[in-house]
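This report concerns only the one structure given below.
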Amino acid sequence: MIVMKFGGTSVQDSKAIDRVARIVQGRLADRPVVVVSAMAKVTDSLLAMGKAAGNGDRKTALKMARALRERHYDTAGELLGTALFTEFHSGLGSDFEDLDELLRGIGAVGEITPRTYDAVAAFGEMLSSKIVAAAFAARGLPGVHVDSRQILLTDSSYTKAVPQFDETNERLQKKLKALIDDGQVPVMGGFIGSNRAGITTTIGRGGSDFSAAIFGAGLDAARIEIWTDVDGMMTTDPRLCPDARRIKVISFDEAAELAYFGAKVLHPATVLPAIQKNIPVYVLNSQNPTCEGTKITARAPRCANIFKAIALKKKITIVDVAAPRRLLVHGYLKSIFEAFDNHNVAVDVVSTSEVSVSVTAETNEAIPALAADLAKLADVKYEGRKAIVCLVGESLRDTPGFAAKVFGILEDVKIRMISQGASEINLTFVIEEDDAAEVVRRLHKEFFSEVDPEVFA
């Protein structure tokens, strides 16, 4: 049994969904469960109309909903043909009536809360999964729609709900196993779940990958396939380096580091449920299904190259906190990181000295307020327009001289922070954002001009 997750670009229109049906047809012997994202750009559109309704602009919100309705009607009509679409139309129409009613309610209150945010955002996956299941059935595939909200149980942390794994696994065994054993292909929306009261929740943007991994782990899948619009994980962003190479196989730990530090092929949390069950994850391209993609596994084979990949994360701010020695009392660091937590600002890289702490975070509107709170503890300054470069490879602690090679190439580049000891598989440093593209190109030329054919394509 396998789990196949298809992203937004893989289900963006009738042509893409038809291609998905052919891919799944070729996997029927593997007993697939299919997880889909919303059609490309739909979640953004839903959130924009929710925001408009919350700002009192109900007319704009409903106009956007009508455009979304027409897009889904057109896609379903092209996939199903007149007779089948006539059957399917009323159910789809009922969903859009619910969306309109929700937007009117938000407009009447004049506010969108995290709970209603989730209710609006969930429509994308609800709609796409129904259309994909119907398209499968129309093509002779034994597709059956399963509402993910009946499977994925979460807490009530709306917009970033935490899955409740034990109960979710029980539901998977109870509600999906019989369908799979009967030869049917369950089709589910990713990203969405519900709490114990049955209220719709979401597990955060990019959560469809996470959903697929949760379902795969709960069903003891042989593998989890993440179908995107790229051939797999690359040695770096091909937009920066057109000669970037595809990585054939990479470890869970390396993939997680790359995902966290900017590689957008998969959600950083995706690999976690798979790690626990030692289930391999494949990153594949729905537009090029014959490509073998990238295999993510617990242990990757030894690689002749020092590094597997280079990730880049831009729009970073450095926050420097410096205190006189008399203030360096027990609990000082705790107070600093509590301030970050209170403002919901995630920390990427940390560097400390005797009297100061430097921290990086994604640039956002909370930084000034955070700095004001930190100023109560010590002297604070912050500076944006920075970028994090992360080089990932295996057993770096046991590889002498690699740092000298890296920084020798960058001898004319201003390095603001360096972190290596925290992980044996990455070297991370912070530079000026304007230098980022050139730095990545230099490093890629040096470390990937020749590659190990067992690991790279």
Helix-only mean residue ellipticity at 222 nm, the chain, DSSP H runs n ≥ 4 weighted -39,500 (n - 2.57), per residue, nearest 500. What is it? -12500 deg cm²/dmol
Just to confirm my numbers, what's the Cα centroid distance between segment 17-66 and segment 231-261 in Å? 27 Å
Computed over the chain: longest principal axis from alpha-carbon atoms vs helix 14-25 long axis, angle to nearest 10 degrees, is 90 degrees
Kindly provide the trypsin sites (Lys or Arg not before Pro) of segment 288-366 that DSSP labels as loop, not H, G, I, E or B, and whose Cβ sees at most 16 other Cβ atoms within 10 Å. 299, 302
Förster radius 51 Å - calculated FRET efficiency between residue 278 and residue 74 (Cβ-Cβ, nearest 0.05): 0.75
Cleavage-rule hits (trypsin sites (Lys or Arg not before Pro)) in segment 127-166: DSSP loop, at most 16 neighbouring Cβ within 10 angstrom: 139, 160
proj_area_mean for segment 1-74 (convex hull on C-alpha atoms), units nm², value 5.4 nm²
Cut-off 17 Å, label 7 Å out along Cα→Cβ of residue 335, residues of segment 352-382 by amide N: 353-358, 370-381
Of the GluC sites (Glu not before Pro) in segment 397-451, those whose Cβ has at most 16 other Cβ within 10 Å and which sit in DSSP loop: 411, 424, 450
Diffing segment 166-174: the Karplus 3J(HN,Hα) column from phi (6.51, -1.76, 1.60, θ = phi - 60°), in whole Hz with x for Gly and Pro, holds 4, 5, 4, 5, 4, 5, 4, 5, 6
Taking the Cα centroid of segment 292-323 and of segment 384-456, what is the distance between the two, rounded to the nearest whole Å? 9 Å
Computed ³J(HN,Hα) along segment 228-243: with the Karplus parameters 6.51/-1.76/1.60, θ = phi - 60°, integer Hz and x for glycine or proline, the list is 10, 10, 10, 6, x, 7, 10, 5, 6, 5, x, 6, 8, 10, x, 8
Here the relative contact order (percent) of segment 2-229, from C-alpha pairs under 8 Å and at least 6 apart, is 29 percent
Quick one: which residues, 5 or more positions from residue 456 or on another chain, have an amide H under 5 Å from its amide H? H modelled 1.01 Å from N in the peptide plane, none for Pro or chain starts. 248
Pairwise FRET efficiency - residue 157 versus residue 94, Cβ, R0 = 25 Å, nearest 0.05: 0.30
Skipping prolines and chain starts, which residues have an amide H placed within reach, meaning under 5 Å, of the one on residue 143, given they are 5 or more residues away or on another chain? 137, 185
Difference of contour (0.36 nm per residue) and Cα-Cα distance, residue 83 to residue 111: 6.0 nm
Stretch gain in nm, segment residue 344-residue 385, where the contour uses 0.36 nm per residue and the Cα spacing is subtracted: 12.8 nm
What distance in nm separates the two pseudo spin-label positions at residue 375 and residue 457, each 7 Å out from Cα along the beta-carbon direction? 5.3 nm
For segment 243-336, what class follows from the C-alpha gyration tensor (a ≥ b ≥ c being the square roots of its eigenvalues): rounded when a/c is under 1.5, otherwise prolate if a/b is larger than b/c, else oblate? prolate
Share of Cα-Cα pairs in segment 2-229 beyond 33 Å, in percent? 13 percent
Using amide H atoms built in the peptide plane, which far-off residues or other-chain residues are under 5 Å from residue 35 H to H? 4, 5, 6, 188
Binned Cα-Cα distance frequencies in segment 309-448 - 5 Å width, integer %: 2, 9, 20, 19, 18, 13, 10, 7, 2, 0
For segment 196-209, Karplus couplings with θ = phi - 60° (6.51, -1.76, 1.60), whole Hz, Gly/Pro x: 5, 7, x, 7, 4, 10, 10, 9, x, 4, x, x, 5, 4
For the chain: relative contact order, % (alpha-carbon pairs under 8 angstrom, 6 or more apart): 14 percent
Give me the number: length gained by fully extending residue 57 to residue 314, i.e. 0.36 nm times residue separation minus the C-alpha to C-alpha distance, one decimal in nm. 89.2 nm
Quick shape check on the chain: root eigenvalues a ≥ b ≥ c of the Cα gyration tensor, a/c under 1.5 is rounded, otherwise prolate if a/b tops b/c, else oblate, and it reads oblate
Inter-label distance, nm, simple model (7 Å from Cα along the C-beta direction), residue 449/residue 240: 1.9 nm
Rounded to the nearest 0.05, what FRET efficiency do residue 414 and residue 366 have when you use their Cβ-Cβ distance and R0 = 22 Å? 0.25
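Readers should treat all values here as calculations from the given coordinates under stated rules, not as data from a laboratory. Note that the structure is a prediction, hence the values are computed from the model and not measured. As a convention, Cβ positions derive from the backbone with ideal geometry for all residues, glycine included, and neighbour counts pool all protein chains shown.
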